Amino acid sequence: MSPSFRRKQKTENRKPAASPQGLPLVAIIGRANVGKSTLFNRLTRSSQALVADLPGVTRDRHYGRVTFDDRTFLLVDTGGLVGGEEEIGALVRRQAEEAVAEADVIILVTDGREGPQEGDALVVDYLRRTGKTLLLAVNKIDHPGLEAIAADFYRFGLDPIYSVSATQGYGLNDLLEAIVRHLPTLPELPTPAPGIRVAVLGRPNVGKSSFINRFLGEERLLVSDTPGTTRDAIDTSLTLEGTDYVLVDTAGLRRPSHVDQGLERLMVLKTIKALSRAEVAVLLLDAGEGLTGQDLRIAGLIEDQSKGCLILVNKWDLVPRELQEKTLVKVQDGLEFMAYVPVLPLSVKTGYNLRKVFPLISDIYEQSGRRASTHQLNELIRELTSRVPPPRHRDRPVKFLYLTQAEVHPPTFIAFVNQPQGVPDSYRRFLVKQLRERLAIPHAPVRLFLKGRKRHER
């Protein structure tokens, strides 16, 4: 990694302030085996000061936050999103189309060792005609002496070309500077509408629009349309029983779809942008179809972004009474990695359980905003580790020195440990579960980071 690249990285684990317009999105696209995932991993991991192997369904992450020069953006590896690599052709074209629709900046990754390949020019021409910012990264250039072999890529008419090595870190400083330079300038926005920001998510045809319209159609709701702060978005404000809410626009996921599996997977791009603007996510499932792979992908994104969440199993009126308990258990078992999330069966058509939805959303939001004192947390961690000691690591005891809360929304805790690498995932899950129970935040998306004790230089 070049010294300049290291110097400009943020050294704090500071969460960017939430904003109604969300974060800019940068998409990585390209052919198979050009190094897209390696580049993604290098850029996202280098910006993290506190690293934790958080348990969950999305260990293989395909998006992440990157902070560079005081700008933060979401980076998406579209190759990972389509669930498989193929040669240049229709699939890469669809990747490009989806990336163009959602991204503010696009990085086209090519293989410098192989040189330009058949079909590359068509993709470059298509991307350039969209008017979106396009950066051409020629990967696998491991040192300056190899930059000459990247000259062939100038035939595409893009200048400059960014010669990089995702494995060695060479050239990434220049690439990041270009990305940040082309990010959209955040406009001066009016004060956003007050209220809990709620994103309603789910696969096509699970009833998202019907769910939203059912509430907006109630006469007792005070409804106003607030111009949205993302492209073609309208956020809807409503007040219910004295509590303000803002339904975050998720039009990209509302449209009925006749797309194939590859494109359906790419809809997570829209989910990511909606989630970045929300504080609580509502995930609708179809009771008749049960928990599908796409439902799990969306749930994994919610978990990965540490958003408060409510799972609604819609079309409950279509489930025979004798199968209802079994259906609910199957959903809960499939979402075991989000066992803290309430699961509520309902029917938008008949109104069954609709009255419980927004009180639950309010409760989830309130729990996610609670803060515990350091004294209370230290008393708790001493009690827990005394009652159930962590396993020894390399024949040495693992000691928790103290515990503090760094953030709310979501509740984020930092435990200082003499050997953080010696704390297994099972023990971390035990601590997170105990934090939820003892702090009375059973539905909050708790994050627990482990940090080693600082050694003072003499």
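A few remarks follow.
- Test: residue 367 is under 30 Å from residue 275 (Cα atoms) and modelled with pLDDT of 95 or more: yes
- Scanning region 205-227 for residues that are over 9 Å from residue 238 (Cβ atoms), in a loop (DSSP other than H, G, I, E, B) and at pLDDT below 50 gives 219, 220.
- Qualifying residue in region 386-400 (condition: among the hydrophobic types (A, V, I, L, M, F, W, C), under 30 Å from residue 196 (Cβ atoms), outside the structural domain of residue 338 (by TED's automatic domain parsing) and without any contact (Cβ under 8 Å) to a residue 60 or more places away in the chain): no
Per-residue answers, yes or no, for (1) surrounded by fewer than 22 Cβ atoms within 10 Å (Cβ to Cβ); (2) of a type outside the set (Val, Ile, Thr); (3) under 20 Å from residue 182 (Cβ atoms); (4) touching a helix residue (DSSP H, G or I) at 6+ places or on another chain (Cβ under 7 Å):
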position: 104; (1), (2), (3), (4): yes, yes, yes, no
position: 141; (1), (2), (3), (4): no, no, no, yes
position: 144; (1), (2), (3), (4): yes, yes, no, no
position: 156; (1), (2), (3), (4): yes, yes, yes, yes
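- Only a single criterion out of (1) modelled with pLDDT of 95 or more; (2) of a type in the set (A, V, I, L, M); (3) over 23 Å from residue 437 (Cα atoms) is not satisfied by residue 341, namely (3).
- Of the residues 405, 434, 421, the single one that is crowded, with 16+ Cβ neighbours inside 10 Å and in a helix (DSSP H, G or I) is 434.
- Residue in region 190-203 that is closer than 30 Å to residue 239 by Cβ, of a type in the set (Gly, Ala, Ser), assigned to a loop (DSSP other than H, G, I, E, B) and under 23 Å from the mean Cα position of the chain (by Cα) present: yes
- Verdict on residue 382 being surrounded by fewer than 17 Cβ atoms within 10 Å (Cβ to Cβ), over 23 Å from residue 342 (Cα atoms), of a type outside the set (Val, Ile, Thr) and in the same structural domain as residue 447 (by TED's automatic domain parsing): yes
- Index of the failed condition, residue 129 passing every other in (1) at pLDDT 85 or above; (2) surrounded by fewer than 14 Cβ atoms within 10 Å (Cβ to Cβ); (3) of a type outside the set (Gly, Ala, Ser): (1)
- For region 131-188, the set of residues classified as assigned to a helix (DSSP H, G or I), more than 12 Å from residue 110 (Cβ to Cβ) and among the small types (Gly, Ala, Ser) consists of 145, 148, 151, 178, listed by residue number.
- Matching residues, region 153-187, being aliphatic (A, V, I, L, M) and touching a residue at least 60 places away in the same chain (Cβ under 8 Å): 164, 166, 172, 175, 176, 179, 180, 183, 186
- Answer residue from region 334-379, given it is among the small types (Gly, Ala, Ser) and without any contact (Cβ under 8 Å) to a residue 24 or more places away in the chain and is surrounded by the fewest Cβ atoms within 10 Å (Cβ to Cβ) among those: 373
The values are calculated or read from the model by the stated rules, or taken from the named source; none is laboratory data. What you see is a predicted model, and the numbers here were worked out from it, not measured in a lab. In this analysis, Cβ positions are derived from the backbone assuming ideal geometry, glycine residues included, and neighbour counts consider all displayed protein chains.
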